[in-house]
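Working notes, structure below.
Each value in this text was obtained by applying a stated rule to the coordinates, not by laboratory testing. Owing to the predicted nature of the structure, the values given are computational and were not obtained by experimental measurement. Methodologically, a virtual Cβ is constructed for each residue, glycine included, from the backbone with ideal geometry; neighbour enumeration extends over all protein chains shown.
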Amino acid sequence: MSAPLTDIQPILDRYPNASRDALIPLLQDVQEVQGFISKETVVSIGKHLNLPASKIYGVATFYNQFRFQPLGRYHVQICRGTACHVKGSATIFETLKRELGIEAGETARDGQFSLEVVACLGACGLAPLICVNGKFHGNVTGDSVRKILRAYRKEAKKEATNE
C-alpha cells in the first residue's frame, strides 16, 4: 500500500538554479508534503539538482529523519530515552516488533501500522512510553501494548466496515 504521490514541481520551483546545498531542505519539504521520500522523488530531485540518485540516497539515508515508505494508519513511536530504557523499553520494543511483524522504520504490508524508535518523547514520568498518532500511552507493559494494538486494530476494522 502506498500513499498517492503529490506533484513535487511546486516544491522544486521554490529552488530555482539550486545546487547541492539545497538537497536537505528539498528532501524535508517533499517529505512534509508526501509523508516520505519516494523513488520517483529522488529521480526528480536528482534531475533538478543535476545529482545522481545515489548521492541523494547517500545523504537521505545518513539522516534518520527521512523515510522511504509512507507511515501506517497508526504510527507507533517507542521512546528509548534514559527513563524509558531504565524502565524496560527494550522489552516493549521487542513486543512491538513481534506483534506488528515489522522492524523500526518499516510499515506493515497492509498499511495499518508503522514503527519508529525515538530518542525521547519528553514524558519521562510516564516511562516506559509509546505514542500512537500523537496519543501517549504510559507505563506500558508487554500485556498493555498488546491490548493497545488490539484496540487500534478493532478501530481500523470498525472504520473499514463503516466506509
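Full extension of the chain segment joining Asn133 with Phe62 gains 23.0 nm, where the gain is 0.36 nm per residue of separation less the Cα-Cα distance. Rounded to the nearest 10 degrees, the inclination of helix 89-100 to the longest alpha-carbon principal axis of the chain is 80 degrees. Near the amide H of Tyr74, within less than 5 Å, lie the amide hydrogens of Phe113, Ser114, all on another chain or at least 5 residues away, with H placed in the peptide plane. GNM remark for the chain: springs join alpha carbons under 10 Å apart, and the peak mean-square fluctuation among Phe36, Phe136, Phe113 falls on Phe136.
The residues packed around Glu99, meaning those with a beta-carbon under 12 Å from its beta-carbon, carry a net charge of +4 if Lys and Arg are +1 and Asp and Glu are -1. Give, in nm to one decimal, the length gained when the segment between Asp21 and Glu103 is fully stretched (0.36 nm per residue of separation minus the Cα-Cα distance). In short, 26.3 nm is gained.
Per-residue 3J(HN,Hα) values for segment 67-72, derived from phi via the Karplus relation 6.51 cos²θ - 1.76 cosθ + 1.60 with θ = phi - 60°, read 10, 10, 9, x, 5, x Hz in sequence order (x marks Gly and Pro). For segment 50-77 and segment 97-163, compute the distance between their C-alpha centroids and round to whole Å. Segment 50-77 and segment 97-163 have Cα centres separated by 21 Å. Of all the options Gly122, Gly111, Gly88, the one that moves most in a Gaussian network model of the chain with Cα springs shorter than 10 angstrom is Gly122. With one equal scatterer per alpha carbon and no solvent term, the Debye-computed log10 I(q)/I(0) for the chain at 0.14, 0.16 1/Å reads -0.79, -0.93. Going from the fewest other Cβ atoms within 10 Å to the most, the residues Val76, Val132 appear in the order Val132, Val76.
Lysine pair count for the chain with Cα-Cα distance under 23 Å and sequence separation of 8 or more or different chains is 16. Taking Cβ atoms as reference points and 14 Å as the exclusive limit, the residues near Phe68 contribute a net charge of -2, counting Lys and Arg as +1 and Asp and Glu as -1.
With the simple model of a label 7 Å out from the Cα in the direction of the Cβ, Cys120 to Lys39 spans 3.9 nm. Taking every Cα-Cα distance in segment 9-62 and sorting them into 10 Å bins from zero, the calculated P(r) comes out as 26, 65, 9 percent. Starting from the coordinates of the alpha-carbon atoms of segment 74-162, obtain the Kirkwood hydrodynamic radius over all distinct pairs and give the value in Å to one decimal. Across segment 74-162, the inverse of the average 1/r is 13.0 Å. For the chain, modelled as a GNM whose springs connect Cα atoms under 10 angstrom apart, the maximal fluctuation among Gly35, Gly125, Gly101 occurs at Gly125.
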